[in-house]
Each structure stands twice: as structure tokens, then as C-alpha cells.
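Heads up, the thing below is written out as C-alpha cells.
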Amino acid sequence: MIPLAPNLDDVNFDDLLAVARARLPALAPQWTDYNYHDPGIMLVELLAWLADSQVYSLSRNRQDEQAAMARMLGVSARGAVPAQGMLFPAAAPATVQAIASGAVLKPAREAVPRVEVAHDIHVLPVEIARVATDFADSHREDHTAINARARATFAPFGEGGDGTLRIELERLPAPAWPGGPVLLSIGVEVAGAGPAEPPHADGRIHARDSSGRPLDRRLDDTYGLQRSGVIVLAIDSATFGDVIELRPAHHYALSPRLVHLAVNALPVVQRATIALPLYYGNDRAGQTIAVTPGDLFLADEMVEDRVWRIATGNAVSVTTLGASDTPWTAGRLDPAGPDDRRYAITEQPDGSSIRLRFGNGINGLKPALDEDIQATLTLSCGAGGDVRHPIEWELDAPSMRWRNRTAIEGGKDAQSVAVTLAAVRPQLASDRVLATADEIEQAALTLDPALAMVRATVIEGWEPGRARPAIPATRTLIVGHRFAGRETRDWLTRIRRAIIPRIAIGERLIVVAPVYRPFTAAVTLRLVAGADRAAVIKAVQTMLADRFDTAKAAWPLGRDVDHEALAGWIRRVDGVSGGVTVQLTAAGRATARIVVGPGDLPQLAAPADVTGPEGGR
């Protein structure tokens, strides 16, 4: 916690008692018995205990002081954060069935808390027949087999990011679909990004059918394939051609990899939305509604060792019912006026009780006599609602069994004001000014994994294309994509936008891609007697490819390539006896050394041409 005052608790009970006893001879000469059985010593101990308690209290920040400090820092204590995930039907549906947001699912056998549906969907009798990526040159990469395998991944828009993801559906034998739009849901598992991964504003994708008509996207909690989640599309069953195409928007700067796609995904959150019984106003100051969360659940919904707390966000709603329903607002009562419809929320940290307190007529309005008060609470178990392994779930209406293939995760316990203040310190540290080149490089490498960044190098006092920078305090950050050449302008802008707020005033940051300098290498060598010629050649080619692999950031920026250095590495390969010569070619000219600039990166354009006819087999 951030201290509001210096530590005043620098004396304890024993010290206070010793000071008092030391002063007795001067203050009361006739007092000669200082033993513990003396009544006067007992009184001195009592006073020392009281003084110790007061000093302790002075050194502690009161709850209202902590809340005031939090408001000054722009933070507030949050409620429990519900875990998120997606479920899939245990069996293919035979008919179209509508599932409404807020529907409750309970575990069939496991002792885990209940979850709620996060968005309306229709469960449809369809399945995915093919997943592929289409390119402008009519080339198609089929991912259907990869999509069916566990833990295999594919690039939905191709490795170059210039393709279109094509999802072909097959309708199962079923009664006629209802007329009008139906809500088709697609579950997406993104490699390395669970449903709780914080999204950014860069990801946006367009959805259309095979004729090019845009599809109405009702939900995309993948945020453009940045994280695992569900995409819900409204389709017209009469005109839909059973093909969905997903294409990245113009400024899409990500390179996601997908593990699995499936239809009929049900987005869920771990929460319980409960309408309380009707209460009535009493026209008294400070009317209170007291709730015990444990009394709101059925016996089979309470899970041992789970604490239900108010969820984060707008989790409490209070409305007075009458000619026109009037909502009330949660907040502090102290600054409220006499006519403000406001109530304060008090929650015990152990989840044992929740209190809603109304105004006194001066600080906040009093509910009128016999006025109907309707309150609704949204509760969550926070971190206790995470489900790491697949289990079965029951949905009552319609009666269906569901299963979570991936984890339901991201739940966080509610925070007190003290815990919130304590969390501010590392947050402030993570947002501090980036003072050194190492700090800038680390900040870049820890950005969104979907950016697929593998290299971040800062060069001090250098600007591309100039002998000296326009501003002396210039730093150039050179960043490389996992696939060389994918450093688009949008991609570089996304990185700069994330880093530049943390650069000190007066300094200048330039973000650029490496300048790739392609070259080829021709190698001639002798083999150890009896060595397998093909195996040795393959080993040499693999070694050189690893040395210059841009996806691993293996070669440093700005370092020249010398034929003698390459020959030395090749001599250490098993099966090579010596006589190694290396001929380098760059820009169509043979050279013994490839000289590169500060922001340049040598790139082995093709596997080395290796010949070794002597001494092998």
C-alpha cells in the first residue's frame, strides 16, 4: 500500500512501561514497590497498553483515507472478475434451438460454480466441412486436417497475412429452419491467447458470405482473433450459402495462429445474476437492505470453499417501481444532494453479507413510504470460478449437455481499497519512463504476442538515411517480424503507438523494420572417409540456415558476413574433413565479405549450395 504518512509506530508496550517505571522515583519518592502485583503498576500497564494502541492507530491509514488516496490516483476497488470461456454441445443438435443470454448452466457432476450464457445464439444442425485460406492468385491452403488435430496450429490469413479464411459448413438432416435471421456462433481457439487475454484496438475482421455480402456480426469477443472466444453472426437461413469468409480489416497488424474452429460455441461467464425479493421504502433516514449471498442459491449451486462476491462493473441495479420505473445510482452518499437517487454498497470481504444503504434526505434521497424497491445482484466467485479441465454442463431450457473443450479462466478475486493501492505501485513501475535502450527493447518484446515480434534492437543516436540524426536525442528501434518482410506500416505504427507514451519528453523514437540484405552461399568441402555425403550436406545447410534464421533473431543487426567465418563453422560439422571454401554472392556479384549498415540484416535467400564429392559415399 502507498503510505499516506511516515511510520509513527516506533514505540511498543514494553518501551512505554519501562519509561513510566523509570520516572516513578522522581515523581513519587514514597512509591517503593514496583513489582507486578502492585495495583499502581497495574494502572501503569493499563495506560501503557492504551498509549500503545493509540500510537498503533495513528500509524495506520483509515479506510476513508485509503479510499481518498485511491480516488486521487484514479483507481477504485474492483469487484470479482468473472472467468470466461466457451462451451460446445455434447452431441450434434437435431433442430434449431434458441439460447438466450443469461441462461444458467450447472456442472453435471463436478464441484465447480455455475456459469451464465453471455450472448444470445441459435444452436444449429450444422458442422464445419472445410477450413481453408484463399489467396488472390486462386491458390488455396486447406487446414481441415490441422483443425481436426489437437494442438496443431495454422495461420488463418496465411503466413503473409494476405489471405481470406474460408469456413465451409455442412447442414445436417433436420426439420426446416425458421424464417428470418438466425445467430450462428463460431468458437475460435487462438494459440497462446486464452479468453482472458487483454485485447487491443488493432484487431478487426470483416465477415461475409460466398457472394461477398457482409454478414451482421453481433459479437466478436475474440477482438479480431486476438484471443480465444466466440464470433456470433446473424445469417438469413433462406439466402445463406453455407460459406463464411473472414478477412482482416485494412489496418490489421496481427499474425494470429489458430488451434481449432467449431460451430455452435456458447460464450459463458462465471456469474450468477439474481433478482432479490421486493423491498418497500420506509421513509426513514439510512434505510438498509441486508443480503446474505449464501441464502440466494439452491443447495446444489453452493460450492464448498467458494466465496460469492459482487462482480466488477455494473453488477448491482436498484429501481423503484411505480408509474415509471426509476433507476438509482451506486456511489458515495456524503457528496449527494437531497434529491439524488443514490445508494451506497458495503460488502464483507468474506462474502458473508452485502448491504445497500440509502440516503437520509440530506445526503441522498430517502425511499418513500411503501415504495416498491427492486434490486438485482450479479455475483461471481472470481478466481474460484476458473475451470482448468473439460467437464460436462447441464442447460435446463432447452435440455442439453455441453462441454468446455478449453479452460474457463481469467477469474480474479475482489479487491479491497488497500489491495488496490498496493497494486498501483507495480502498475506505476510498469508505466515509468523507458530510460535505457534495454528497457525499450524489453517493452517492445513484451507487447501482444499476436504481433509475432522476434527482434527489437535500439541504436542510440542514429537515424536511417542520415549521417547524423535531425535531433541529437534520437533512438531508433528496429523490430523484426517472425516472417521477414511482414513489417508493414500498420504493424510498425501499432508498436510505436504502444511505446511512444513512455519515452521521455525531449527524446525522439523512430520505429523501423530491418533492411534485409539477401545473399547466397556456395560451399565446397571435403568429407571424412566413409561419411554419408547427403547427411553431411544436409547438416551444413541446416547449420547455416539456423545461423541466419530471421524467425529466431539469430544474426545480430549490422554485423557483416565474412566467408572465412562461415568456413570455420562448416569445418566443425561432423563428417567435414577440411578444404572448405565459401563463395558469397549479393546483388548479383561475388564477394568475400557482405558489408551491411547499422540497421541492415543479412538474409540467406536460399539453402546453401554445398558440394562435397571427395572422400564420402
Exercise. Please state which of the following conditions Arg533 fails to meet, knowing it meets all the rest: (1) basic (Lys, Arg); (2) open to solvent by less than 60 Å² (accessible area, probe 1.4 Å); (3) over 42 Å from the mean Cα position of the chain (by Cα).
Key: (2)
Quiz item: Looking at Gly313, is it in a loop (DSSP other than H, G, I, E, B), in contact (Cβ under 8 Å) with a residue 12 or more places away in the chain, under 32 Å from the mean Cα position of the chain (by Cα) and under 22 Å from Arg341 (Cα atoms)?
Solution: yes
Quiz item: among the acidic types (Asp, Glu), open to solvent by 30 Å² or more (accessible area, probe 1.4 Å), out of contact with any helix residue (DSSP H, G or I) (no Cβ under 7 Å at 6 or more places or on another chain) and free of Cβ contacts under 8 Å to residues at least 60 places away in the same chain - does that describe any residue in segment 507-524?
Solution: yes
Exercise. Search segment 118-144 for residues being surrounded by fewer than 19 Cβ atoms within 10 Å (Cβ to Cβ) and among the hydroxyl-bearing types (Ser, Thr, Tyr), and hand back the single one that is modelled with the lowest pLDDT.
Key: Ser138
Quiz prompt | Looking only at segment 106-117, and only at residues there that are open to solvent by 60 Å² or more (accessible area, probe 1.4 Å) and of a type outside the set (A, V, I, L, M, F, W, C), the one that is nearest to Gln270 (Cα to Cα) | solution = Glu110
Quiz item: In segment 574-600, how many residues are crowded, with 17+ Cβ neighbours inside 10 Å, under 25 Å from Ala535 (Cα atoms) and either within 42 Å of the chain's Cα centre (by Cα) or free of Cβ contacts under 8 Å to residues at least 60 places away in the same chain (or both)?
Solution: 4
Quiz item: Right, Val433: under 25 Å from the mean Cα position of the chain (by Cα), over 29 Å from Tyr252 (Cβ atoms) and in a helix (DSSP H, G or I) or not?
Solution: no
Quiz item: Within the bounds of segment 279-286, is there any residue that is among the acidic types (Asp, Glu) and either in contact (Cβ under 8 Å) with a residue 40 or more places away in the chain or open to solvent by less than 20 Å² (accessible area, probe 1.4 Å) (or both)?
Solution: yes
Quiz prompt | Hey, Ala83 modelled with pLDDT of 90 or more, surrounded by fewer than 13 Cβ atoms within 10 Å (Cβ to Cβ) and touching an Asp or Glu at 6+ places or on another chain (Cβ under 6 Å) or not | solution = no
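Given Ala444, Ala418, Ala407, Ala456, which one is open to solvent by less than 40 Å² (accessible area, probe 1.4 Å), of a type in the set (Gly, Ala, Ser), more than 30 Å from Arg559 (Cα to Cα) and in contact with a strand residue (DSSP E or B) (Cβ under 7 Å, 6 or more places away or on another chain)?
Numbers: Ala444 fails: more than 30 Å from Arg559 (Cα to Cα); Ala418 fails: in contact with a strand residue (DSSP E or B) (Cβ under 7 Å, 6 or more places away or on another chain); Ala456 fails: more than 30 Å from Arg559 (Cα to Cα).
Unique residue meeting the criteria: Ala407.
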Quiz item: Are any residues in segment 459-488 crowded, with 19+ Cβ neighbours inside 10 Å, in a strand (DSSP E or B) and free of Cβ contacts under 8 Å to residues at least 40 places away in the same chain, and if so, which ones?
Solution: Arg475, Leu477, Val479
Quiz item: Can you name every residue in segment 91-109 that is assigned to a loop (DSSP other than H, G, I, E, B), of a type outside the set (Ser, Thr, Tyr) and at pLDDT 90 or above?
Solution: Val96, Ala100, Gly102, Ala103, Ala108
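Test Glu371 against the stated conditions and say whether it is of a type outside the set (Val, Ile, Thr), in contact (Cβ under 8 Å) with a residue 40 or more places away in the chain and out of contact with any Gly (no Cβ under 9 Å at 6 or more places or on another chain). Explain how you work it out, then say what you get.
Values: of a type outside the set (Val, Ile, Thr): yes; in contact (Cβ under 8 Å) with a residue 40 or more places away in the chain: yes; out of contact with any Gly (no Cβ under 9 Å at 6 or more places or on another chain): no.
No.
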Exercise. Taking Arg227 as meeting all but one of (1) touching a Pro at 6+ places or on another chain (Cβ under 9 Å); (2) touching a residue at least 40 places away in the same chain (Cβ under 8 Å); (3) basic (Lys, Arg), write down the number of the exception.
Key: (2)
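Can you say whether Arg425 is modelled with pLDDT under 90, in a helix (DSSP H, G or I) and either open to solvent by 40 Å² or more (accessible area, probe 1.4 Å) or closer than 22 Å to Ala196 by Cα (or both), as far as the supplied structure shows? Show your work before the answer.
Working: modelled with pLDDT under 90: yes; in a helix (DSSP H, G or I): yes; either open to solvent by 40 Å² or more (accessible area, probe 1.4 Å) or closer than 22 Å to Ala196 by Cα (or both): yes.
It is true that Arg425 is modelled with pLDDT under 90, in a helix (DSSP H, G or I) and either open to solvent by 40 Å² or more (accessible area, probe 1.4 Å) or closer than 22 Å to Ala196 by Cα (or both).
Being assigned to a helix (DSSP H, G or I) and of a type in the set (Val, Ile, Thr), is that true of even one residue in segment 120-142?
To start, the set of residues in segment 120-142 that are assigned to a helix (DSSP H, G or I) comprises none.
Among the residues of segment 120-142, not one is assigned to a helix (DSSP H, G or I) and of a type in the set (Val, Ile, Thr), which makes the answer no.
I need the full set of residues from segment 217-253 which are of a type in the set (A, V, I, L, M, F, W, C) and closer than 23 Å to Glu409 by Cα, in order please. Even if it seems obvious, please write down each step before you answer.
Kept after step one, since they are of a type in the set (A, V, I, L, M, F, W, C), are these residues of segment 217-253: 219, 225, 230-235, 238, 240, 243-244, 246, 249, 253.
Correct list: Leu219, Leu225, Val230, Ile231, Val232.
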Self-check item: Hits in segment 162-208 (condition: at pLDDT 90 or above, of a type outside the set (A, V, I, L, M) and open to solvent by less than 20 Å² (accessible area, probe 1.4 Å))
Solution: Gly163, Thr164, Ser185, Gly187
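Yes/no matrix, rows are residues, columns are (1) within 34 Å of the chain's Cα centre (by Cα); (2) in a strand (DSSP E or B); (3) without any contact (Cβ under 8 Å) to a residue 60 or more places away in the chain:
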position: Gly294; (1), (2), (3): yes, no, yes
position: Asp340; (1), (2), (3): no, no, yes
position: Tyr343; (1), (2), (3): yes, yes, yes
position: Leu356; (1), (2), (3): yes, yes, no
position: Pro367; (1), (2), (3): no, no, no
Exercise. Would you confirm whether any residue within segment 269-277 is farther than 30 Å from Gly359 by Cβ and touching a His at 6+ places or on another chain (Cβ under 7 Å)?
Key: no
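The values are calculated or read from the model by the stated rules, or taken from the named source; none is laboratory data. Worth saying up front: this structure is predicted, and the values here are computed from it rather than measured. Note: ideal-geometry Cβ built from the backbone for every residue, glycine included; neighbour counts use all protein chains shown. Calculation scope for accessible area: heavy atoms of the full protein, side chains included, ligands and nucleic acids excluded. Shrake-Rupley method; radii C 1.70, N 1.55, O 1.52, S 1.80 Å.
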